[in-house]
Amino acid sequence: MAREMQHRDRPHVRTYIGPGKAEEINQLALAHNAQLVVFDNDLSPSQQRNLEDIISKVKIIDRTGIILDIFALHAHSAEGKLQVELAQLNYLLPRLRGMWQHLERESQGGGRMSDRIGTRGPGETQLETDKRIMRRRIQRLTAELGTLRNNRSTQRKRRQRNSVYSVALVGYTNAGKSTLLNALTGADVLVEDKLFATLDSTTRKLNVDHQKREIVISDTVGFIKKLPHQLVAAFRSTLDEVQLADLLLHVVDASAEQMDEQIVAVEDVLKELGAEDKRQVLVFNKIDLISESEQLRLRKVYPESILVSAANCIGLDGLREAIAEQIRKSSVRLHLKVPYSRGEVLQRLHSVSLIVSEEHTEDGTNIVVDVPQADVDDYASFMVDASTPVDS
């Protein structure tokens, strides 16, 4: 109905925008008969209450509140629902006073005694009761998510133990990460033209070269500018995929008007997660929606990037080759001799390493392979000569 912009040196302590501006918005809301006023910033609980006193008869919601509402609409898995509920409760707990002002009085009875036993202590207000219930729920949710996080950690350790190379898709929300995952792997992850359509981490197997060497690739929750801290905390188990991945594919919507700002926003979130130094490949998606001249500009400005259209399966071979090249850069070339009695070693090498050459002799298999740097010591007893970095 209307939009207001304000420039200030610093936020007003009590109302964020100042009482004069708040009264202007009150008159604007009344003129439009508005029911909701949204602030594209985070408000403190006291600022939100003070604004609701000035902007009468209108619900006030801030940036985090809007994002949480969107998350709640798109949470489908058990873990996703738990994560969203935990974030919502942590957001609402300090705001309960404004929500329950009409109940902030001591209970004077009412209703059957059996209905009140065990729910409220002597002289306890409705507000205190609700806060106690919410804190208990937060503790329970935190414990459940801790169990799920441990399960995820066990799965990741198993992949690491088996030397499975892991790739994580990261990017601004609605950049097309899920579409790209589906195009690369043939998966059936939900794809919608919406903010935060994907909340759950999805992991699939992917072949990236002619030898059918398998890696795993994971989709993650979309990032956004000024991502609320409580969302980062609630989705920690999902975002661990980013921290523990060997390679990040930073997917960018090439058709977005604020593309450059979105790239910076994602980089900021990666810093917050402690993942800014990980190997990355910049992937510009949706190139079918931009002109050839704009594609040339992207190649010139970002010469190491890959241009794709996940929806039309354009450029996917080049992306697979880029992933394979990153694997080679992080690998060491070994010349091994594996006895025939150690068939499980050969099986592991074929599944997670790049086979350069292989020769069967009378007493075993001579094999030259590129293995991950972290796995070199596992094959020390089979080495014929010293290891050599592949990219040297």
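The values are calculated or read from the model by the stated rules, or taken from the named source; none is laboratory data. Predicted model, so just to flag it, every value in this text is computed and none were measured. No Cβ is skipped: glycine too gets one built from the backbone with ideal geometry, and neighbour counts run over all protein chains shown. To get the accessible areas, we keep the full protein, side chains included, count just its heavy atoms, and leave off ligands, DNA and RNA. Shrake-Rupley method; radii C 1.70, N 1.55, O 1.52, S 1.80 Å.
Between Arg279 and Arg95, what length in nm is gained on full extension when 0.36 nm per residue of separation is reduced by their alpha carbon distance?
On the way: separation 184, 0.36 × 184 = 66.24 nm, distance 4.10 nm.
Separation in residues times 0.36 nm, less the Cα-Cα distance, equals 62.1 nm.
How compact and how long is region 247-309, expressed as Rg and Dmax of its alpha-carbon atoms in Å?
Over region 247-309's Cα set, Rg and Dmax evaluate to 12.0, 36 Å.
Top to bottom by accessible area (1.4 Å), largest first, where do Lys300, Lys271, Lys329, Lys131 land? Before the final figure, lay out each step's value.
On the way: Lys300 170, Lys271 125, Lys329 80, Lys131 45 Å².
These residues rank, largest area first, as Lys300, Lys271, Lys329, Lys131.
Kindly state, to the nearest 0.05, the FRET efficiency for Asp377 paired with Ser357, given R0 = 22 Å and r defined as their beta-carbon distance. Intermediate values should be presented prior to the final figure.
Numbers: r = 22 Å, r/R0 = 1.02.
For R0 = 22 Å, the calculated efficiency reads 0.50.
Not counting ligands, DNA or RNA, and with a 1.4 Å probe, what is Glu23's accessible surface area in Å² rounded to the nearest 10?
For Glu23, the solvent-accessible surface is approximately 70 Å².
Calculate, for Glu23 and Ile138, the FRET efficiency according to 1/(1 + (r/R0)^6) with r their C-beta to C-beta distance and R0 30 Å; round to the nearest 0.05.
On the way: r = 36 Å, r/R0 = 1.21.
So, using R0 = 30 Å, E works out to roughly 0.25.
What nm value, rounded to one decimal, do you get for the distance between Ser56 and Arg320 when each label is placed 7 Å out toward the C-beta?
With each label point 7 Å from Cα toward Cβ, the separation is 6.7 nm.
Could you tell me the distance between the Cα centroids of region 5-37 and region 238-256, to the nearest Å?
37 Å
So how exposed is Asp288, as accessible area in Å² (1.4 Å probe, rounded to 10)?
Near enough 80 Å² of accessible area.
Run the reach check for Lys205 against aspartates and glutamates, Cα to Cα strictly under 17 Å, same-chain hits fewer than 8 apart removed. What comes back?
Here the aspartates and glutamates satisfying the reach criterion relative to Lys205 are Asp188, Glu214, Asp219, Glu241, Asp246, Asp317, Glu321.
First measure r as the distance between the Cβ atoms of Thr129 and Asp40, then evaluate 1/(1 + (r/R0)^6) with R0 = 41 Å and state the FRET efficiency to the nearest 0.05. Could the numbers behind the result be given before it?
Details: r = 34 Å, r/R0 = 0.83.
Here the calculated transfer efficiency is 0.75.
Using the structure shown, select from Lys225/Lys329; Lys21/Lys59; Lys81/Lys286 the pairs with a Cα to Cα distance greater than 20 angstrom.
Values: Lys225/Lys329 32 Å; Lys21/Lys59 17 Å; Lys81/Lys286 30 Å.
Where the Cα-Cα span goes over 20 Å, the pairs concerned are Lys225/Lys329; Lys81/Lys286.
Multiplying the sequence separation of His350 and Lys337 by 0.36 nm and subtracting their Cα-Cα distance, what value in nm do you get? Numbers along the way, then the final one.
Working: separation 13, 0.36 × 13 = 4.68 nm, distance 1.42 nm.
That pair, His350 and Lys337, stretches by 3.3 nm at full extension.
Taking a 1.4 Å probe, which of Arg95, Arg204, Arg135, Arg10 shows the most accessible area, and what order do the others take after it?
Values: Arg95 35, Arg204 85, Arg135 120, Arg10 170 Å².
Highest to lowest solvent-accessible surface, that is Arg10, Arg135, Arg204, Arg95.
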